[in-house]
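Read-outs throughout are calculated quantities, based only on the coordinates presented, and are distinct from any laboratory measurement. Computed from a predicted model, the values in this text were never measured in an experiment. Heads up, the Cβs are rebuilt from the backbone with ideal geometry, glycines too, and the neighbour counts pull from every protein chain shown.
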Amino acid sequence: MLSKLKLFLIAIAYTVFVYVISLVKVQSPVKISISNLDKVVHFGIYFIFTLVWFGYFSSLEFKKEILKDVLKASLFAFFVGISIELLQEFLRKARSGDFYDVLANSLGILMAVVLLYQIKKYKELKSVK
């Protein structure tokens, strides 16, 4: 099991990574012709973001009640996503904020929450047997 400090460092490193990739100007982006691929990327980034911060808040333990840790991780992920979109809109000339990015972020967060509760339910059923 990872220590609380290591979980925190992983979460901070991932957060810095998300800010950097979201705010750094891309000189010549790779052209991939998959419709809405960037929304899928947003979904995945915030799905992982929520899981990483839940790991830190919960110390990877699925206690009887995980609501507080899930709430902290998902709200933090949501506000980071909003802050990045606002920074893109108001500070960066090369990028712009997008409501659909926020929506994709939110869906990634929601799916992470669903997964966490499914894992919790599975662990509870497994411990009953």
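Things worth noting here:
- When the Cα positions of Leu23, Ile109, Ile84 are compared along the charge dipole of the chain, Ile109 comes out farthest toward the positive end, with charges on each C-beta of Lys, Arg, Asp and Glu.
- Rg and Dmax over the alpha-carbon atoms of the chain stand at 16.4, 58 Å.
- In plain terms, the chain is cut at each of the GluC sites (Glu not before Pro) found in a DSSP loop with at most 12 other Cβ atoms within 10 Å, and the longest leftover piece is 66-129.
- Vicinal HN-Hα couplings computed from phi for the stretch 19-25 (Karplus, 6.51 cos²θ - 1.76 cosθ + 1.60; Hz; Gly/Pro x): 4, 5, 5, 7, 10, 6, 6
- ³J(HN,Hα) computed for each position of the stretch 114-123 - Karplus, 6.51 cos²θ - 1.76 cosθ + 1.60, integer Hz, glycine/proline x: 4, 4, 4, 5, 5, 4, 4, 4, 4, 5
- Distance cut-off 12 Å, percentage of C-alpha pairs in the stretch 32-80 lying past it: 64 percent
- Low-density loop cleavage sites - trypsin sites (Lys or Arg not before Pro) in the stretch 1-95, where at most 15 other Cβ are within 10 Å (DSSP): Lys25, Lys31, Lys63, Lys64, Arg92, Lys93
- Residue-averaged [θ]222 nm for the chain, counting only DSSP H segments that reach four residues, each worth -39500 (n - 2.57): -26000 deg cm²/dmol
- Computed from point charges on the beta carbon alone (+1 for Lys and Arg, -1 for Asp and Glu), the dipole magnitude for the stretch 4-128 about its Cα centre is near 340 Debye.
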